[in-house]
Structures are given as structure tokens and as C-alpha cells.
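Asker: Dropping a structure here in C-alpha cells format, bear with me for questions.
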Amino acid sequence: MTLPMVSPPDDAAPTALARYHAAVARVDALIERPSTPTGKTTAEIRGRAILRLDQARRFLALLGNPEGRYPIVHVGGTSGKGSTSTAIAAILTAAGHKTGLHTSPYLQAASEKLQIDGRLIAPDRFADLVDHVLAAHGRWLAAGEPPLTYGEIWLALLTTFFAGERVDVAVIEVGAGGRFDLTNVVSPVVSVITSVDLDHTVTLGETIAEIAWHKAGIIKPGVPAVTAVTGETALGIIRAEAAAVGTGVTRVIPGETFAPLPSPPGQNRWRNITGPGEGRVFPAPRGLYQVTNAATAVATARALPPTFAIDDATIAAGLEAARIPGRYEVMPGEPTVILDGAHNPEKIAALVENLRADALADPGRRPVIVLGIVEAKQHAAMIERIVPHAAALVVTVPKVLAKPGAEAAALARTARDAGFGGPIRIEPDPDRALDTAIDLAGDDPLVTVLVTGSLYLIGNVRDRWYPTDAIITQRTPWPDGTHGAPG
């Protein structure tokens, strides 16, 4: 079945929106399906992952192997992979290539996971896509195959969408890990590993070496690899994997391949030190940690096959246009509210760098922090790093389907144990927690509000500024048409 290429007219939006929400509900229902396997050992978890990869490959074959119809850039890593994917896609779009982008998870709307040249999939098109894939799933079940999971269906959705749109290239973000992630069925033209740190320790392991082994699994025979990993343990494993499959690794190294430059508040500039474009100054999205992500995106652009040759001016234009919601995002209006989806200790450490830079630029500036963390994350390490920079703390609970949030009162106790002596408020509802933080900030221009700890929490509160239905129908994370613009 060939999907229609034409999106519905704008005046069909109300019907399209209803169809979209119904389609999302059908896919989300797969999350609620109880999981039969209960084994928790490494071998049992790995065995199930291998089985799911095999099922995913066979289901994609039933769909005509859509993942093989266009070049793919595959991006993994503990932190920075969403921002790096967005920057790579923006560079490719600036170069005139029709570019698909898949990042995960989404903040507010499932359609955020399916983008072409910065535009979200149209709601009616999403509904058609779900109809198509779930009809194939029906045929799969009728043939006696086991029910597929939410992740397997989403893999089919994204690969089928990009094939139907006839993209020139797609940038696909790894979900978690890499070696056994469902996206690892693809055969990329470049593999990217942004970082390796402790996260998803239940499934990936509790050491850097174990996690690096999972990340390195996206490196493919003869396919160029790019990494910003600097730790010797993880880097050694990545290099060994590359050598084993007969490819090389391009490294992105602060101070050696790139250098951040002093920049005005809210802006980022960095210099390329070595290789093509040596000495060239490039922009990066807001947030100090985005410099490494931008440098990784540039290294990836240069590692693409010769048919994608992209000059420095085009790279700069792409980076200037790159925007990703929920990453040190300053919301419109007063008081200043910043949303940052830092959800592991490494991301919190990067966020703290931004807070320190803000305090240096504006002495005395400190935030009231709204903090909510998913239960499976490393709460103590995250809290220990962030609370020294808070004027006050409001703890809450992210709302997300099938992923319990950490108890707010428990987070408050951990903050006290970490030595935080400032005011703490407990408000389990994210919207009311934001209201509480705004009240605590008052009229003091030096006190801002920072919401962090979970991308799901960011999605919960961001609707206040950018209503979710407007994002869906206008097909942009910034439906007012201004905040996402460069500047």
C-alpha cells in the first residue's frame, strides 16, 4: 500500500485533529498491554531484546523494508543525542536535502517524533499512517505471529513515513542503549555516539564499560563513526568495536578539535580547530552543552558520503536554524521560566554549567527549581548536583503513561539529606508546582524559575505557553511562529 503524499487542507484540521488523537490512543494502548516476561537477569533482558529485534526485522519485511529506501544517520549516546540529531537534520535541510528526523521521547505531541525539514507530520497523515501500520499488524497476528510492542510499532511508523515521503536522508535517534535498541535494525551511512554515562542502568548495566558496550553496538562494518566520548574506558570500547567491524572513529574533543568562544548571554559561538573549515566560527543553540552537540553535528556532516558534500556557510546556516524545545528553553513572558529536560546526572551537570554562566553574567541570579524525576532514574546523584544552585525547591511528579514518577516527598527528603537548607514545597501536580514556583519567585528580577528533572515533566508544563493541539495542527513546536525563530 502506498501512502498518500498530499496533506489535508487546513480547513480539515478539526476532523484531522480528532483522527490524530484517536490514532495516538490506538498506539498508546500498546503500552498498557501487560508484559508476560518477568525475568530480570541480564541474560533474560538481553534475550528478550534480541527476540524483539528479530520480530522488528520480520515486521519491517512484511511492510516492504521501508528502512532500506533512504540513507540514515543513526545517533546514540547517553546525553545530547536528541539535540545532536536535530542539529544534523537542520544542516542537511539547509543543504537542500529533504530530511526526515526522528527523536524520542516527544514532549507534548506524538507527531514531534516524525518531522520533515522541521515540520511535524500532518495530523490526518499520522492517522493514515497508523491505519496502515496497524492493518499490517492485523495481518501479522492473523499469520500466527506474536503481538508487537509499542516500540516495534513506532519503528514501523517512522521508517514507513520517511519511505512514503521519499526523503533524501533520515536522522534517527536511538531510544536507549544501542546494540539491542529497536532502531538498530537500520543500516546507516554514519553512526554517532554523543556520550556515555550512567543511565538506564537496569537494562544497560551499572558500569561505564557495560553501557559503552551497548552504545558501541550501533557501529556498523565499514560505516564511519563519530563520537564526542572522551572518557578512556568508554572510548576504548568504542574504538575496539570500530576496529572489530573494520571502520574508523572521528573524535570530537573540546580544546583539540573545537573550542567554545566567549559569547553574549543566550548565544553560543565556537571555533573549529582542525580539519575542514579549520578556524571557522560556528553557532550553537542556547545552552553551553550545545557547543559539543553542534561540533558533533558538524563532524557528522563531514563524515557523510561525498554526495552530501556540504560547505561551511551551509553548515553555519543549519546550526543557526536548529532549535529543540525543552532544552534550556526560555519561555516568553515574566517571570523568566526556563525549561530543561535534564534527566540523568550527566545532563544535570551540563545544566549546572549554564546556571553558573548565568550567575556570572548576572551576579546574584538564582532559580526557584521545579524538580520532578521518573522513578527509574538516579535521583540522589541528580539532586546532589542541582540543589546547591537553587533559591528554593518545588518537588513534583511527572505525568507519563506507564512510567511511575518518583514520590515528591522522597525527593524532598533526599534534598535535605544533600544539605539543601532553603525552602522546599511539595506539590505532586506539575501545573500547580509551576504556579507555586512562580509565587516563590515573586517580583525579584534576579530570581528565575527552572523546571527540570524529566522531559516528561517539561511536556506537562510547556502546554501553558504552547498548547498541544496548536502544535499538532500547525505542525511546529512553536505555534505562535516566533519563539522558535533564530535570535
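The values are calculated or read from the model by the stated rules, or taken from the named source; none is laboratory data. Predicted model only: the values in this text are computed from it and were never measured. Cβ placement follows ideal geometry from the backbone for every residue including glycine, while neighbour counts extend to all protein chains displayed.
Asker: Of the residues 218, 211, which is crowded, with 21+ Cβ neighbours inside 10 Å, in contact (Cβ under 8 Å) with a residue 24 or more places away in the chain and in a loop (DSSP other than H, G, I, E, B)?
Answerer: 218
Asker: Hey, residue 2 hits all of (1) at pLDDT below 50; (2) of a type in the set (Ser, Thr, Tyr); (3) assigned by TED's automatic domain parsing to the domain that holds residue 134 but one; which does it fall short on?
Answerer: (3)
Asker: Residue check: is residue 227 in the same structural domain as residue 193 (by TED's automatic domain parsing), surrounded by fewer than 21 Cβ atoms within 10 Å (Cβ to Cβ) and either in contact with a Lys or Arg (Cβ under 7 Å, 6 or more places away or on another chain) or among the β-branched types (Val, Ile, Thr) (or both)?
Answerer: So residue 227 does not fit the description; no.
Asker: Further question: Return the residues of the range 239-273 that are among the aliphatic types (A, V, I, L, M) and under 16 Å from residue 222 (Cβ atoms); say none if nothing qualifies.
Answerer: Passing the criteria: 242, 243, 244, 245, 249.
Asker: Hey, another quick one. Within the range 266-289, restricting attention to residues that are part of a strand (DSSP E or B) and hydrophobic (A, V, I, L, M, F, W, C), which residue is nearest to residue 73 (Cα to Cα)?
Answerer: 282
Asker: Residue pairs, Cβ under 7 Å, 6 or more apart or interchain, first in the range 346-358 and at pLDDT below 85, second basic (Lys, Arg). List them.
Answerer: Sorted first by the residue in the range 346-358, then by its partner, the pairs are 358/365.
Asker: If you don't mind, there's one more thing I want to ask. Mind checking whether some residue in the range 379-394 is under 22 Å from the mean Cα position of the chain (by Cα), assigned to a strand (DSSP E or B) and over 30 Å from residue 29 (Cα atoms)?
Answerer: no
Asker: Here's another thing I want to ask about it. In the range 290-332, what count of residues is obtained for those that are among the hydrophobic types (A, V, I, L, M, F, W, C), assigned to a helix (DSSP H, G or I) and under 19 Å from residue 276 (Cβ atoms)?
Answerer: Total meeting the criteria: 14.
Asker: How many residues does the range 240-251 contain that are surrounded by fewer than 19 Cβ atoms within 10 Å (Cβ to Cβ) and assigned to a helix (DSSP H, G or I)?
Answerer: Adding up the residues that qualify gives 3.
Asker: Within the range 383-417, restricting attention to residues that are over 22 Å from residue 447 (Cβ atoms) and touching a His at 6+ places or on another chain (Cβ under 8 Å), which residue is surrounded by the most Cβ atoms within 10 Å (Cβ to Cβ)?
Answerer: 406
Asker: Since residue 442 meets every condition but one in (1) more than 17 Å from residue 348 (Cα to Cα); (2) buried (at least 19 other Cβ atoms within 10 Å of the Cβ), which condition does it not meet?
Answerer: Every listed condition holds for residue 442 apart from (2).
Asker: For residue 206, indicate whether it is in contact with a strand residue (DSSP E or B) (Cβ under 8 Å, 6 or more places away or on another chain), in the same structural domain as residue 102 (by TED's automatic domain parsing), among the acidic types (Asp, Glu) and at pLDDT below 95.
Answerer: So residue 206 fails the test.
Asker: OK, next. Report every pair of residues separated by at least 6 positions or lying on different chains whose Cβ atoms are under 7 Å apart, first residue within the range 112-123 and free of Cβ contacts under 8 Å to residues at least 40 places away in the same chain, second assigned to a loop (DSSP other than H, G, I, E, B) and surrounded by fewer than 24 Cβ atoms within 10 Å (Cβ to Cβ).
Answerer: 117/98
Asker: Report whether or not residue 448 is surrounded by fewer than 24 Cβ atoms within 10 Å (Cβ to Cβ) and either farther than 30 Å from residue 16 by Cα or of a type in the set (A, V, I, L, M) (or both).
Answerer: Here the answer is yes, as residue 448 does meet what is asked.
Asker: Among the numbered criteria (1) crowded, with 21+ Cβ neighbours inside 10 Å; (2) assigned to a helix (DSSP H, G or I); (3) out of contact with any helix residue (DSSP H, G or I) (no Cβ under 6 Å at 6 or more places or on another chain); (4) not acidic (Asp, Glu), which single criterion is violated by residue 58?
Answerer: So the condition that residue 58 fails would be (1).
Asker: State which residue is surrounded by the most Cβ atoms within 10 Å (Cβ to Cβ) when the search covers only the range 317-373 and only residues that are basic (Lys, Arg) and touching an Asp or Glu at 6+ places or on another chain (Cβ under 7 Å).
Answerer: 327
Asker: Against the conditions (1) crowded, with 24+ Cβ neighbours inside 10 Å; (2) part of a helix (DSSP H, G or I), where does residue 74 fall short? Just the number, please.
Answerer: The one condition residue 74 does not meet is (2).
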